[in-house]
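This report refers to the structure that appears directly beneath it.
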Amino acid sequence: MKTKPTVAVIGAGGHGKVVVATLQAAGYQSIVLFDDDPAKWGSRLLGCLVAGPVSEVQERKMESGILAIGSNSKRKAFASTVRLEWLRLVHPAACAHSSVALGVGTVVFAGAMIQPDTMVGAHAIINTGAILDHDCRTGDFVHIAPGVTLCGGVRIGEGSLMGAGSSAVPGIRIGCWSTVGAGAAVVEDVPDRTLAVGVPVRPVLGKSEEGPR
């Protein structure tokens with residue numbers, strides 16, 4: 001049986017804790033964390049060492065990794081500066097059909113369900129208990145928060161956030177770097193860089209919590 005590689009986890013906060021738990025559930029035994037907060041250096045998270053700042057990743061010649069950073073825009077920034085072979089990580093308690101395509105660096109957490117012919121971009125977060133039905137498409141650096149439901153054929157642009165417990169009816173398009181608030185029901189398309197809240201959603205044009213400036 002091939003030994004799994006040592007994995008560098010970038011980020012040692014709460015999201016990093018769940019990434020480490022997912023790695024451990026998937027059989028990874030050698031995990032090292034890196035975080036730019038000096039207060040975390042030398043500490044342990046679920047038994048794994050926080051070794052130092054992110055700059056040490058290359059010094060230690062780490063090869064494989066995951067970005068454990070909740071902010072979509074910060075995740076994009078680190079993806080362009082840290083050189084690693086990014087894993088595709090699926091929790092054993094998640095369900096993803098064999099036809100699903102996952103981009104590099106994407107993590108699918110426990111209880112998530114991804115149905116046939118869905119495509120998920122790079123460095124996306126499919127969080128706990130999220131449901132993506134058939135033929136959905138998400139761009140890179142998307143975060144589908146816990147308990148989200150995407151009906152069939154939903155399209156989500158790069159960097160957008162679907163807040164916890166939100167939902168989208170079939171065929172909806174959500175633009176790039178937009179935010180759908182927690183518990184919102186999306187029944188009409190959402191433009192780029194828009195904050196959309198409520199049931200049904202009310203777009204607040206030109207405002208979003210995400211996106212590089």
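Out of curiosity, is THR128 within 14 Å of the chain's Cα centre (by Cα) and either within 30 Å of GLN58 (Cβ to Cβ) or modelled with pLDDT under 95 (or both)? Spell out the reasoning first.
Working: within 14 Å of the chain's Cα centre (by Cα): yes; either within 30 Å of GLN58 (Cβ to Cβ) or modelled with pLDDT under 95 (or both): no.
So THR128 does not fit the description; no.
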Which of (1) without any contact (Cβ under 8 Å) to a residue 60 or more places away in the chain; (2) crowded, with 18+ Cβ neighbours inside 10 Å; (3) β-branched (Val, Ile, Thr) does THR128 not meet, given it meets every other one? (1)
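Can we say ILE131 is under 19 Å from ALA196 (Cα atoms) and among the β-branched types (Val, Ile, Thr)? Steps first, answer last, please.
Values: under 19 Å from ALA196 (Cα atoms): no; among the β-branched types (Val, Ile, Thr): yes.
Taking the combined requirement at face value, the residue does not satisfy it.
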Qualifying residues in the stretch 53-76 (those that are out of contact with any strand residue (DSSP E or B) (no Cβ under 6 Å at 6 or more places or on another chain) and of a type in the set (Gly, Ala, Ser)) - the one nearest to ALA25 (Cα to Cα): GLY70
Would you confirm, using the coordinates I've provided, whether LEU150 is touching a strand residue (DSSP E or B) at 6+ places or on another chain (Cβ under 8 Å), without any contact (Cβ under 8 Å) to a residue 40 or more places away in the chain, more than 17 Å from ASN72 (Cα to Cα) and not assigned by TED's automatic domain parsing to the domain that holds HIS15? yes
Cβ-Cβ under 8 Å pairs, at least 6 apart or on other chains, the stretch 72-98 side on the phi > 0 side of the Ramachandran plot and modelled with pLDDT under 95, far side among the polar types (S, T, N, Q) and assigned to a loop (DSSP other than H, G, I, E, B): none
Could you check, for the stretch 39-49, whether at least one of its residues is touching a Gly at 6+ places or on another chain (Cβ under 7 Å) and in the same structural domain as THR138 (by TED's automatic domain parsing)? no
Among the residues of the stretch 146-170, what is the count of those that are in contact with a His (Cβ under 6 Å, 6 or more places away or on another chain) and surrounded by 21 or more Cβ atoms within 10 Å (Cβ to Cβ)? 1
What number of residues in the stretch 156-193 are in a strand (DSSP E or B) and either in the same structural domain as ASN72 (by TED's automatic domain parsing) or within 16 Å of the chain's Cα centre (by Cα) (or both)? 5
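The values are calculated or read from the model by the stated rules, or taken from the named source; none is laboratory data. What you see is a predicted model; the values in this text were computed from it and never measured. As a convention, Cβ positions derive from the backbone with ideal geometry for all residues, glycine included, and neighbour counts pool all protein chains shown.
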